[in-house]
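Here's the structure, in structure tokens; my notes come after.
The values are calculated or read from the model by the stated rules, or taken from the named source; none is laboratory data. Source: prediction; values computed, not measured. Counting neighbours? That spans all protein chains shown, and the Cβs are built from the backbone with ideal geometry, glycine included. The area values use the complete protein model at the heavy-atom level, side chains included, leaving out ligands, DNA and RNA. Shrake-Rupley method; radii C 1.70, N 1.55, O 1.52, S 1.80 Å.
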Protein chains: 6
Amino acid sequence: MFSVSVRDHTMIAHSLRGEVFGPAQRLHGATYVVDATFRRATLDADGIVVDIGRAAEALRAILADLGYRNLDDEAAFAGMNTTTEALARVIADRLADHARAGELGDGARELDGLVVTLRESHVAWASYERPL
Amino acid sequence: MFSVSVRDHTMIAHSLRGEVFGPAQRLHGATYVVDATFRRATLDADGIVVDIGRAAEALRAILADLGYRNLDDEAAFAGMNTTTEALARVIADRLADHARAGELGDGARELDGLVVTLRESHVAWASYERPL
Amino acid sequence: MFSVSVRDHTMIAHSLRGEVFGPAQRLHGATYVVDATFRRATLDADGIVVDIGRAAEALRAILADLGYRNLDDEAAFAGMNTTTEALARVIADRLADHARAGELGDGARELDGLVVTLRESHVAWASYERPL
Amino acid sequence: MFSVSVRDHTMIAHSLRGEVFGPAQRLHGATYVVDATFRRATLDADGIVVDIGRAAEALRAILADLGYRNLDDEAAFAGMNTTTEALARVIADRLADHARAGELGDGARELDGLVVTLRESHVAWASYERPL
Amino acid sequence: MFSVSVRDHTMIAHSLRGEVFGPAQRLHGATYVVDATFRRATLDADGIVVDIGRAAEALRAILADLGYRNLDDEAAFAGMNTTTEALARVIADRLADHARAGELGDGARELDGLVVTLRESHVAWASYERPL
Amino acid sequence: MFSVSVRDHTMIAHSLRGEVFGPAQRLHGATYVVDATFRRATLDADGIVVDIGRAAEALRAILADLGYRNLDDEAAFAGMNTTTEALARVIADRLADHARAGELGDGARELDGLVVTLRESHVAWASYERPL
């Protein structure tokens, strides 16, 4: 199995609902350094998993759409806790939509899966892995 | 599949028995930077894999129990080579005990697995992965 | 010249005023991974620059006081742009207060200077350096 | 499942054929920071996955054989695009040859698999994973 | 003293002339992960050292101009060894030109100095520091 | 001012004397990831600060001499607390001896200074800087 990964980041404000979150129930924020990993059993005719330029652009577009916002005010997240875990899934699902729409190139239709990891600090991170 | 990871560290002395270890047969030491990863198929009602505060506390307690010691003198490791690989299992098994005892919260009973990685330098590390 | 550094982090929300900030004029947030460096020409009788345990505690207290907050609502920052650069100075000045108050130990009165670095992502950071 | 990883690097020149590569179709170069991960279900009698000294030496030999060269001129890569993904497989396959030849020690015959990751920058990397 | 730093990268081919370089006398290549640090004694009216967006753009333009090339064929480097140290100076001098030309904003004329660091691997890097 | 840096590591056991060290008064150990930085105002005729191969070899020899040992038993450290700060000076002084003895090449006699940084974990490190 092959994989290719690209890294970018986004900076957001939000608050979390639930006693388990302690002081993170207050409005605060985070930088998420985001790694998107694309998996594929075999390489394409060019010898790649995915066009890394297009993959990086897709990730950048998704993160720009989230970034420099207060997620508490975004309709897309109404009624949902925007935990690191949950945002990893949101980003992975949006990347999957880009892949299926052909925006990562035709070869991206051969991708087997995706992993998205959000690093919220030097001591904590979360991932979501899904098939494609 | 979701995962959440936390990082901490511990500093120990030990020696290793066996010709394969060369100069590491002498009493020496290591800083282990330890990553504990908790895996779960679905998020709980709060939108998390595990209470990250409790997970970090459990890891800290386990590492404090090991740290600032000469492992050669610890009864828990009598007759065992305290290699990086072997210590990764010890820490993973102790985290599993915490999870089963409910110390990571009730939701932690839904965890599917654990990975513990010990980084002993910028060029070497070892992991142990187990189900829960 | 000797130095000792400790790392911790804090997560905040804020917005920045001024056209130069583009989309960062909107309410958003950041994780700051914070390195505090203490400088001293000679070591004390114990062979250290500063009690690293106390230094880490002082940094943790200062960051906890900032963290999980919307800095736009904090009286301490009224009328000030809470840029990464400006926050580096705030944290350095608060550490200097701790040092002068003897909270880093008596030896900390011999410190020559401080550097505080705030990493806001994997591709951007800011520092403030001051004498003590 | 246990694993042990070692890190080393190599510096090469090459060019890539295909429109998808844009400016990377020109002769350029890369530093690859290479992580080799060895997997095994159980530890050997010494408590290890593999002799880490021998594993590091094998990786170093393989990387020295690639390094400080223009891969476009190497017979071994004639007719092949030396993408990061493709080179990850080349290195993994050569490590597998070393393992089977007994050069990682007798115990290495019990290895279950290998992962090789090539980091080409702080924002892009590729991996190849195979059984042994 | 304040500073702000941004990170980017470039990938080049080159060879080095001189016995001291051993196998690096052959045509090979490198990824340089480049940190540009801008220093200034006081913050401007917006509370910043430099417009970080413009600084990042200037660095990106300079690195794009170098990247995906064989430096041995570039007129700009004729008769010069393109060592990591020497390239750090080239990039710092070009950033200084951008600053003086006003491309980093008017405030950049208040900058006191620049440091450029090129990381060529996980175990080696070089810097050049100059006034502005 | 130019600089070149190389990274290596060493693993030792030791204990520290003094109440300020708390549990680190017990026999324990550390991995030190060691960065050695060589500074020079101008480049030599080859366009370098120092022969990086020789510099890396000198660092490796110094660290091998310390490593896989219990520093409490070494005559060289009798009566001295082997704190991270103190060891940074020991390593810097030994590198200075190598430079003066011509072991880093003739050009190394033009070096202006040295910095040695010991990273003892992901959250703590110490440096010593000296002229040459």
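In a shell of Cβ-Cβ distance under 10 Å around C:Asp112, excluding C:Asp112 itself, what net charge do Lys and Arg (+1) and Asp and Glu (-1) give?
Values: positive: C:Arg39, C:Arg40; negative: C:Glu110.
It works out to a net charge of +1.
Heavy-atom accessible area per residue, the stretch C:2-105, 1.4 Å probe: how many Å²?
37 Å²
Compute the distance in nm between two label points, each set 7 Å from the Cα along the Cα-to-Cβ direction, one at F:Arg60 and one at C:Arg17.
5.8 nm
When the dipole is taken about the Cα centre of chain A, and only Lys, Arg (+1) and Asp, Glu (-1) are charged at their Cβ, what size is it in debye, to the nearest 20?
Numbers: 14 positive and 20 negative charges, 52 e Å.
The calculated dipole for chain A is roughly 260 debye.
Looking at the stretch D:83-130, which residues lose a minimum of 40 Å² of accessible area between their chain alone and all protein chains in place, measuring with a 1.4 Å probe and not counting ligands or nucleic acids?
Residues shielded by partner chains are D:Glu85, D:Glu120, D:His122, D:Val123, D:Trp125, D:Ser127.
Where along chain A is the Cβ that lies nearest the axis linking it to chain E, and how many Å separate them?
A:Arg7, 6
Looking at the stretch C:5-64, which trypsin sites (Lys or Arg not before Pro) are in a loop (DSSP not H, G, I, E or B) and have at most 16 other Cβ atoms within 10 Å?
Working: sites: C:Arg7, C:Arg17, C:Arg26, C:Arg39, C:Arg40, C:Arg54, C:Arg60; in loops: C:Arg17, C:Arg26.
Answer in residue order: C:Arg17, C:Arg26.
Mind checking the dipole of the protein assembly as shown: about its Cα centre, +1 per Lys or Arg Cβ, -1 per Asp or Glu Cβ, Debye to the nearest 20?
Working: 84 positive and 120 negative charges, 0 e Å.
Around 0 debye, computed over the protein assembly as shown.
Between the helical axis of E:52-66 and the dominant principal axis of chain E, each derived from Cα atoms, what acute angle in degrees is found, rounded to the nearest 10?
Value to nearest ten degrees: 20.
What is the interface area between chains F and E, defined as buried accessible area summed over both chains with a 1.4 Å probe, reported in Å² to the nearest 100? Don't skip to the end; give the middle numbers.
Working: alone 7370 and 7400 Å², together 13440 Å².
Using a 1.4 Å probe on protein heavy atoms, the buried area is about 1300 Å².
Any idea what the F:Asp97 label distances to the other copies are, label 7 Å down the Cα→Cβ vector, nm, shortest first?
4.4, 4.6, 4.7, 4.7, 6.5
Place the label 7 angstrom along Cα→C-beta at D:Asp73 and in each other copy, then list the distances from the first to the rest in nm, shortest first.
1.4, 5.2, 6.0, 6.0, 6.5
Report the net charge of residues surrounding B:Val33, where surrounding means a beta-carbon distance below 9 angstrom and charges are Lys +1, Arg +1, Asp -1, Glu -1. If you can, show how the numbers build up before the last one.
Values: positive: B:Arg7, B:Arg119; negative: B:Asp8, B:Asp35, B:Glu120.
Counting the neighbours of B:Val33, the net charge comes to -1.
Defining the label point at 7 Å along Cα→Cβ, can you sort the distances from A:Pro23 to the same site in each other copy, shortest first, in nm?
With the label placed 7 Å along Cα→Cβ, A:Pro23 yields 2.3, 2.9, 4.4, 4.4, 5.1 nm.
Kindly express, to the nearest 10 degrees and within the range 0 to 90, the angle between helix D:84-100's C-alpha long axis and the longest C-alpha principal axis of chain D.
Rounded to the nearest ten degrees, it is 30.
How high is the relative contact order of chain E, in percent, counting Cα pairs under 8 Å that sit 6 or more residues apart? Before the final figure, lay out each step's value.
On the way: 245 pairs, mean separation 39.9, N = 132.
Computed over chain E, the figure is 30 percent.
Using only alpha carbons, build the gyration tensor for the protein assembly as shown and give me the equivalent ellipsoid semi-axes, biggest first, whole Å.
Numbers: eigenvalues 219, 219, 215 Å².
Rounded to whole Å, the semi-axes are 33, 33, 33.
What's the center-to-center distance, using Cα atoms, between the stretch E:1-72 and the stretch F:78-120 in Å?
Their Cα centres are 28 Å away from one another.
For the stretch E:1-115, which whole-number percentage of the solvent-accessible area (1.4 Å probe, protein heavy atoms only) is attributable to carbon and sulfur atoms? Spell out each step's value before the answer.
Details: 2050 of 4500 Å².
Within the stretch E:1-115, the accessible surface is 46 percent carbon and sulfur.
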